[in-house]
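The values are calculated or read from the model by the stated rules, or taken from the named source; none is laboratory data. Note that the coordinates shown come from a computational prediction; the quantities given were computed from them, not determined experimentally. Reconstructed Cβ throughout: ideal geometry from the backbone, glycine too, with neighbour counts over all protein chains shown.
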Amino acid sequence: MSTPIRELSFGQAINEALRLEMRRDPTVIVMGEDIAGAAGREHLGLSDAWGGPMRATRGLIKEFGAARVIDTPIAEMGFTGMAVGAAMTGLRPVVEIMFVDLIGVCYDQIINQAAKMHYMMGGKVELPMVIRTAYGTRGDKRSYGGGAAAQHSQTLYSVLAHIPGLKVVVPSTAYNAKGLTIAAIRDNGPVVVMEHKFLGTSAKGHVPEEAYTVPIGKCEIVRKGKDVTLVGIGRMTHVCLEAATTLAAGGIEAEVVDVLTINPLDEETIIESVKRTHRCVVVDEDTPVCSMARDIAARVGEAAFDFLDAPVKAISSADTPVPFAAVLEANYTPNADKVVAAVKEQIG
Amino acid sequence: MAAPITMPSFGMYTADGTLVSWLHPAGTAVKEGQPVLEIETEKATHEVPAPASGKLHHVLSAGAELKEQMIIGYVLGEGEKAPVTVETRTPAKSGSASDTGSSRRKEAQISSGKSQSLLTSAATGDGGWIKASPLARRLASERGIQLTSLRGSGPGGRIVEADVLAAAGRAPVAVPAGNPVIPISWRVRERIPFTGIRRIIAGRLKQSQSAAVSLTLQREVWAKQLTEARAELNHKTGASVPFDAFFVKFLALALRERPELNAVISGDELVLLDEVNIGFACSVPGGLSVPVIHGADKLSIAEIGKRIRELAERARAGQSKAADLEGGTATITNLGGFGVDGFTPVLNPPQSSILGIGRILPRPVSDSGIIRVLPTVWLSLTFDHRVTDGVPAAQLLDAIARQMNDERHLQSLIETR
């Protein structure tokens, strides 16, 4: 008799990561908007919150109490700063910024305080804090009535990857979401975990019950191929895999690299792959200017120059705010058709 | 049913031909029997008629080399598509996916995978820059394959990995892969690995001999005016100007006058070059180097002399820059300083001419019937007989000899402003 394989959604996997780490280490706390629940509505039985876009904090208040699961006002600057202070003085706060679009409100706390304090103090303080934040568009035509428009659909991880002192991870599956979240909590520096809003269903998969880590700073080759390397970030890894399936039907074997950590970037795995396949397409949901896609493309161009049989191609979203209309949004983001077309253009 | 247009049989001696041109663009409506293309065989030019009425479809393009019964194109019926034949599939790894590509793409595949004679320097784009991927460049250089000899099958005519590998599969590698091992029964003084510069030189010379059909013309030329002009220039500049500087200039100007041998054979083209860059053979420790004087036809002799000295110094010190050695269109080689009179220089591929210079020595000559002793020099011009014939080569040699005995010309060359 075999045990059925346990499957969790992306959000459930992150929820489990938080729960296991809070059990393991009493210094781990979580804070953010709407993560604990409905103060003053106990009489309605509403002691638990909706749990954020990922439902990742649902149920934590019941197990760990209000001292470790802190509902904050809508004031990112304040509570992110509070987390910086808490991290400097011995706690391991996990802050939830509901959408990455709101990062601008607390950008100073992130880039000047969280990322820099270890260096400003001559290495005498550690900042073991995690910032979890949701990003991305739905990117498909099923979102009738459109997505979340220009202020709640951005990707923006490039502006975080740009900051020395910050680590930025972008999980793509339930499995690596749990493993990277645990690794982020255990890391002694500030780590941003980028959670794609709509990976919920597509990224459902087997997740072991115990705590485990997925290493920060390592890419993963998720499909082997010899004709072209497709480099995917977050949800774009699934777009790359879809494109690879289409390409395979036409006899082109694409290798797919899931970046997983955008800073520090595991250049070696990507470059070794391109040295084998001689072609590279980078797929990134962020806008193109100063983007991860172009950053990776530039590094490949430099390190694998003599191995390239075609120019490295970077596919990004359009260089405009995210449109609201579903059909426009679907065309705004990279999709498998665009990736297939780019590969065919490279192979000619 | 698509009617194939095939290379006809013209009798037992003409199995091969070349597609000169299509008489109508693709898509033109043609009638059965109407001439649609022109073929050139060894003997004559032929027009080939349409096998049926319908729309014309090109498979091969002008310049394609044809074998008997090879499919050149189709006449298509209403709404019909050209069949994808076995020939239209490329052996390259990415082939099957591109079967959905345009017919133009299919043509490119045929030319890269099927027929070597289609290889032209079509990839040479703006300003002579060859469009090739970095990988193709590296592979070509590692395997001694000239990019100019390849036709790119990649997007926009780019030379890609598959093109170089295909060429490598066909052409012998320039550097000998392994010489036969001879059982040595003699006492051995020393065993020296046959590698590095010696091996490169060996490979280049072998390549020269197997590719070109070389022939050497020799001629004794009076050198009295030349030695006097040189003495005068030395006096003016206060430096010792090498004789090589004069011969570089003579050859450069002669090649401007007779451009036939300032040329390379590339694919199925003879490419006449519009710049004259003269290399000079220079003995270096362990081998031979050929630095290049770029635009030698436009430089003064004093200037050429100065450059020769600089380039030779760098070459002997093993510090030549890549640009020092690139781009030569012809070469001179001077063994006069070592007591040699005449010799048979070996072409420096892909060049088509090399001028050998012997020693300048007082020799008895007949001057209007009177025997006098005058300085003369033996010139040995080796040229690629595939490029041109004996008479134009002799005229090139004559163009050099005339300069050496034209006092006014020599005066103008050594004028220092």
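Side notes on the structure shown:
- Selection status of residue A:74, outside the structural domain of residue A:285 (by TED's automatic domain parsing) and surrounded by 14 or more Cβ atoms within 10 Å (Cβ to Cβ): no
- Here residue A:321 meets the list (1) buried (at least 18 other Cβ atoms within 10 Å of the Cβ); (2) at pLDDT 95 or above; (3) more than 14 Å from chain B (Cβ to nearest Cβ); (4) closer than 20 Å to residue A:138 by Cβ almost entirely, failing just condition (1).
- Test for residue A:193: is it away from chain B (no Cβ under 14 Å), under 25 Å from residue A:111 (Cβ atoms) and assigned to a strand (DSSP E or B): yes
- With respect to the conditions (1) part of a helix (DSSP H, G or I); (2) over 25 Å from the mean Cα position of the chain (by Cα), residue B:250 lacks only one, and its number is (2).
- Any hit, segment B:71-89, residues being within 14 Å of chain A (Cβ to nearest Cβ), at pLDDT below 75, buried (at least 19 other Cβ atoms within 10 Å of the Cβ) and part of a loop (DSSP other than H, G, I, E, B): no
- Among the residues listed as A:179, A:200, the single one being at pLDDT below 95, assigned to a helix (DSSP H, G or I) and in contact with a Ser or Thr (Cβ under 9 Å, 6 or more places away or on another chain): A:200
- A Cβ distance below 7 Å, combined with a sequence gap of six or more or placement on separate chains, defines the contacts here; from segment A:293-315, residues that are within 11 Å of chain B (Cβ to nearest Cβ) reach residues that are among the acidic types (Asp, Glu) and outside any loop (DSSP other than H, G, I, E, B) in the pairs A:309/B:161.
- Filtered by the rule that a residue be crowded, with 24+ Cβ neighbours inside 10 Å and more than 14 Å from chain B (Cβ to nearest Cβ), segment A:240-260 gives A:240, A:256, A:257, A:258, A:259, A:260.
- Taking segment B:158-168 as the range and being in contact with a strand residue (DSSP E or B) (Cβ under 9 Å, 6 or more places away or on another chain) and surrounded by fewer than 23 Cβ atoms within 10 Å (Cβ to Cβ) as the test, only B:158 passes.
- Only listed residue being at pLDDT below 95, more than 21 Å from residue A:340 (Cα to Cα), outside the structural domain of residue A:55 (by TED's automatic domain parsing) and not basic (Lys, Arg), chosen from A:266, A:306: A:306
- The conditions of being basic (Lys, Arg) and either buried (at least 24 other Cβ atoms within 10 Å of the Cβ) or within 30 Å of residue A:87 (Cβ to Cβ) (or both) are not met by residue A:224.
- Total residues in segment B:103-138, condition modelled with pLDDT of 80 or more and either more than 9 Å from every other protein chain (Cβ to nearest Cβ) or under 22 Å from residue B:20 (Cβ atoms) (or both): 3
- Here segment A:183-197 is the region considered, the condition is being crowded, with 23+ Cβ neighbours inside 10 Å and within 17 Å of residue A:217 (Cβ to Cβ), and the residue that is nearest to the chain's Cα centre (by Cα) is A:194.
Residues checked against (1) under 13 Å from residue A:192 (Cα atoms); (2) within 20 Å of the chain's Cα centre (by Cα); (3) assigned to a loop (DSSP other than H, G, I, E, B):
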| residue | (1), (2), (3) |
| --- | --- |
| A:63 | no, no, no |
| A:74 | no, no, yes |
| A:77 | no, no, no |
| A:86 | no, no, no |
| A:90 | no, no, yes |
| A:95 | yes, yes, no |
| A:102 | no, yes, no |
